Structures are given as C-alpha cells and as structure tokens.
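S.K.: Questions regarding the structure given below will be posed in turn.
Just so it is clear, none of the values below were taken in a lab; they were calculated from the coordinates. Keep in mind that what you see is a predicted model, and the values were worked out from it rather than measured. Cβ placement follows ideal geometry from the backbone for every residue including glycine, while neighbour counts extend to all protein chains displayed.
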C-alpha cells in the first residue's frame, strides 16, 4: 500500500465517475470530482437502468456483472435510505423456445440466479401479460434503480466523505509533463493531481487522444421512452424481442429501444409508436396510456463491447473507466478501481478490461 494516498481527479459525474469518487473519498483519499454539467447530466440520465447479468457477453465480463449485483447490495447497506434499488426480478424470453431454454440453462450452470419457469408461473409474476409465453428465463435477483437519484446519492455521499465536487466545470485537456498526467486544464485554471480517472463517457476519446492514447470508444444512440399510465402495468422487468419495459412509478412505464436513424419511419417518434403498439398488444390495462417523452442517450461503446478499466500503460497516472452498462457496473468498478488507485496492485478481475488490450 502506498504511504500516502494520491490526490485524484475524477472527470465525469455520471454514475461510474460518481461511484469512483465516492469509493475514493470513503477510503480517505483526496479526490476532486469534475463535470461540465450536473451529476447524471449525460447518458446516465437516459439509462433504462436495469441491473442485470445479461447474456452473450464474454465470461470475464459476465462474472464482473454478477459481482456488480452483489456490490449493489453492499452499496445499499452503506448508503442506507439514500439508495433505493427495486429488486423486482426480470423475465426474458425469445421467439425461439430453444434459445430461451439455452439462456436459462447456461446462466444456471455458471452459478447465476436464473431459472426457467413455465407459463403458469409467468402469469403469477406478471398478471397483466395478455399471452404469457410458454416459458421464460427468470432472474429473481435482478432489479433497477432511478439512475439520476442513485448518482446524486453517490455524489452527496462522496461530498460528505470529503470529496471536492466541481460541477459546471468543463475539462478542456489533460495536463501532462510528457511522461505522465499532472492534472487537468479547465477553461479557467489548471488543477494538479497525482492521478486522473477518465470517466467521461463519449468525451473520453477526445480528451485522451492528444496524449497519444486513442480509446476505441464510439458513440451509440439508444432511446429511453416514458409512458404515462393509469396504474402499474408491470411488476418486474419484461424483456423480449418486441419490448423491454419496467414500471418506474405507479404511473410511469419505461421502455428501452435501439435508435436507428432520423428518417420518418425509423426516427425516435416512430420507434416510440411501435414500442407503444407492442405494449398494448402484450399487456392488459393499457387504456389511456400516453407517450410522455422520448430521450436519446449517447452510450459509450468500446470496440469489443467490454468495459475499458485500468491504468494506461502509456500515460502514467491516467486511469480509464469507460463502458456501456455503466449503471450495472458502477458499484463494482468504483470499489475495484479504488483498490488499484490507492493500493497499486492490479485486480485480476479487471484483467480482461485493460486499456492495453487494444494496443497493436
């Protein structure tokens, strides 16, 4: 362990940056959290915020996501009533019955809390489903959060632990002495630091490139749809080929969908209309449901889909924390990144996430 804790600047007050700042401050490190806007001001605000293990991802990443669910339980204990996680469970099914069975079987074999359930059980869990599928993969331990409230809780807890929170402060460049990071430059000043955590999402690539580090992170738009309902329609998270929905409040249903383009047939409004049609088709009690808002969130997607987490081997003192599924990953990344920043050892769980994997 280092004799003194390094002064660290975290760039980006989305949920990942907020979590890292919180964990650093809680460990007694001097930390400054900087953001050009407000907490959760960019893509975090527009996240569907399903805390899940997911499927179709490499095994090391899947293991991290499983650990992330456990870390949310820890964070609940640490933050108390400030963090509200809805452990509502999730139902997932595919048109292909064999694919649904394979999903449940493979997750169960890996030790995840996912099991195959039949139509009668599905109907008990989600009584408003018009035609429950023959079977579905049920993950009882998955849930969701309000991403804005969760980020605010992390920022407040970081502040209470001693973090210096600087909002509406745009970072225009990373400061370097040619060998490593010396701090950041804002529009008004240069702030010195021993380490800088780059948790700025889609802005990370542009900030790192002048120092010779080209992070392969591309912007990927996605839609968050809010529908006003007369009452609750879903008890948990429901995901299939036609819809991905969850109840945020008794009168607000959220839906997530892929953004396609700005054409009339594939633009946000058209997609919102198709999503609403799918909800009306598959869910009872939708009389009076109305579209409230459509938000486009620009997700930072690394080239191979896995998070980029760890110290740069090219630039001393630069720690990268950029990923999709930031809401799910925030607690575990905050904890493990803090260990690496303050205690120096490389955490083996993050080995598949290292920035240098993209070096040619």
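S.K.: Could you give the length gained by full extension between residue 349 and residue 134, i.e. 0.36 nm per residue of separation minus their alpha carbon distance, to one decimal place?
M.R.: Difference between extended and current length: 73.7 nm.
S.K.: Arrange the peptides 8-17, 103-112, 244-253 so that the one whose residues have, on average, the most other Cβ atoms within 10 Å appears first.
M.R.: 8-17, 244-253, 103-112
S.K.: Same structure again: On C-alpha positions alone, give me the angle between the axis of helix 147-160 and the longest principal axis of the chain, in degrees, nearest 10.
M.R.: 30 degrees
S.K.: Using alpha-carbon pairs under 8 Å, 6+ residues apart, how would you state the relative contact order of region 81-146 in percent?
M.R.: Here the relative contact order equals 50 percent.
S.K.: Note the full-extension length gain between residue 290 and residue 120 as 0.36 nm times their separation in residues minus their Cα-Cα distance, in nm to one decimal.
M.R.: Stretched out fully, the residue 290 to residue 120 stretch lengthens by 58.2 nm.
S.K.: Evaluate the relative contact order of region 102-231 (contact order divided by residue number), counting alpha-carbon pairs under 8 angstrom at least 6 apart; express in whole percent.
M.R.: Relative contact order for region 102-231 comes out at 11 percent.
S.K.: State the antiparallel share, in %, of DSSP beta bridges confined to the chain, rounding to the nearest 5.
M.R.: Once the DSSP bridges in the chain are tallied, antiparallel ones form about 75 percent.
S.K.: Show me the ranking of peptides 48-54, 224-230, 163-169 by mean Cβ neighbours inside 10 Å, starting with the highest.
M.R.: 48-54, 224-230, 163-169
S.K.: Do the sum for the chain: with -39,500 (n - 2.57) for every DSSP H run of n ≥ 4, divided by all residues, what is the mean residue ellipticity at 222 nm, to the nearest 500 deg cm²/dmol?
M.R.: Value at 222 nm, helices only, nearest 500: -9500 deg cm²/dmol.
S.K.: While we're on this one: Please compute the modelled spin-label separation between residue 274 and residue 304, points set 7 Å along Cα→Cβ, answer in nm with one decimal.
M.R.: So the two model labels end up 3.2 nm from each other.
S.K.: Give me the distance in nm between label points sitting 7 Å out from Cα along the Cα-to-Cβ direction at residue 106 and residue 252, one decimal.
M.R.: The answer from the label model is 3.5 nm.
S.K.: Highest first, please rank the peptides 292-303, 317-328 by the mean number of other Cβ atoms sitting within 10 Å of their residues.
M.R.: 317-328, 292-303
S.K.: Build a GNM of the chain with springs between Cα atoms under 10 Å: which of 38, 70, 124 gets the top mean-square fluctuation?
M.R.: In the Gaussian network model the winner is 124.
S.K.: Could I ask something else about it? How much length would be gained if the chain were fully extended between residue 190 and residue 27, taking 0.36 nm per residue of separation minus their Cα-Cα distance, in nm to one decimal?
M.R.: 56.1 nm
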